[in-house]
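Shown next, in structure tokens, is the structure this report addresses.
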Amino acid sequence: MKLGIFVAVLLALFVGVQTVFVVDEGELAIVTQFGEFKRTVDAPGLYFKTPFAQTVTRMERRIMTSDTPPAEYLTLDKKRLVADPVSRWRIVEPLLFFKSVHDESGAKSRLDDIINSEMRRELASRNFGEIIGNERDPLMQRVAVAARLQTKEFGIDLVDVRIKRADLPKEVQESVYARMRAERDRVAKQYRSEGEEEAAKIRADTDKEKTILLAKAYETAQKARGEGDGEGTKIYAAAYGKAPEIYAFLRSLDTYEKAMDQETSLVLSTGSDLFQYLAQPKQ
């Protein structure tokens, strides 16, 4: 008896669980019976269904985000561009959504196809510079408008579409970076060449100024030496006029001093002027 009561209670609990269901505030629900649509539940609360015969399919009421896988597109000026769009969307017609795509996975797959198609069409009508510049936002608005018209067929309201990242393909990036490095090297080489040229000019100007200064100094020295020699000649001439013999003697000594050293042997003629000065005076 007790066992029968226990089994009956368990059965009642099991049937009760299969009879009620709860819809949260952020959810929508579709009730089907053997695959056939019965009703839509779009308000939160506790609801009843036929146990075992009816099935509840829950859907997200809030705005959802879908990242479309990166794809390569061709621009109007034949530039390749890799972009990964991101879209925001929500379910507005649960029954249509359920019948057309069934769940979020099917919805994202359809969204990816639609957005890629519209992206390809829009990007093919714009140059690369426009896409990465100020034209990106208007372009993505046009993509969203065109895609929204198609997503309505699936009970989906497409809120907006944005490009999360737009870049060149990897092989093109490497080529661009190589050109950038070559350009930097060329500019650096040009600057070094201009610097060396300027340094050579400075050195040439410095050498020129040095040569001019040395020439002027030499000229001044020669002028001073000439003036000194001239003054000395005047002094010698004046001395010669006053004492010719002493002047002749000093001149002879100066001459022999320059011509002789300690190892020089000098042979003098008895008729030479120096011999006369060196000879013993007569008693």
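The values are calculated or read from the model by the stated rules, or taken from the named source; none is laboratory data. Please read all numbers here as calculations on a predicted model, not as lab measurements. Note that each Cβ is placed from the backbone with ideal geometry, even for glycine, and that neighbours are counted across all protein chains shown.
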(message) Filter the range 108-132 down to the residues that are among the small types (Gly, Ala, Ser) and in a helix (DSSP H, G or I) and list them by number.
(response) 109, 117, 129
(request) Might you check whether a residue that is among the basic types (Lys, Arg), at pLDDT 85 or above and under 49 Å from the mean Cα position of the chain (by Cα) occurs anywhere in the range 86-101? (result) yes
(message) Looking at the range 133-161 only, could you name the residues that are part of a helix (DSSP H, G or I), of a type in the set (S, T, N, Q) and without any contact (Cβ under 8 Å) to a residue 60 or more places away in the chain?
(response) 141, 150
(request) For residue 94, work out the one condition from (1) on the phi > 0 side of the Ramachandran plot; (2) in the same structural domain as residue 133 (by TED's automatic domain parsing) it doesn't fulfil. (result) (1)
(request) Scan the range 70-107 for residues that are surrounded by 17 or more Cβ atoms within 10 Å (Cβ to Cβ) and part of a helix (DSSP H, G or I) and report the count. (result) 4
(message) Restricting to the range 91-142, name every residue that is of a type in the set (Gly, Ala, Ser) and out of contact with any helix residue (DSSP H, G or I) (no Cβ under 6 Å at 6 or more places or on another chain).
(response) 105, 106, 107, 109, 117, 124, 125, 129, 133
(message) Anything in the range 51-66 that is over 12 Å from residue 27 (Cα atoms), surrounded by fewer than 15 Cβ atoms within 10 Å (Cβ to Cβ) and under 46 Å from the mean Cα position of the chain (by Cα)? List them, or say none.
(response) 65
(request) Scan the range 88-129 for residues that are closer than 19 Å to residue 42 by Cα and among the charged types (D, E, K, R) and report the count. (result) 5
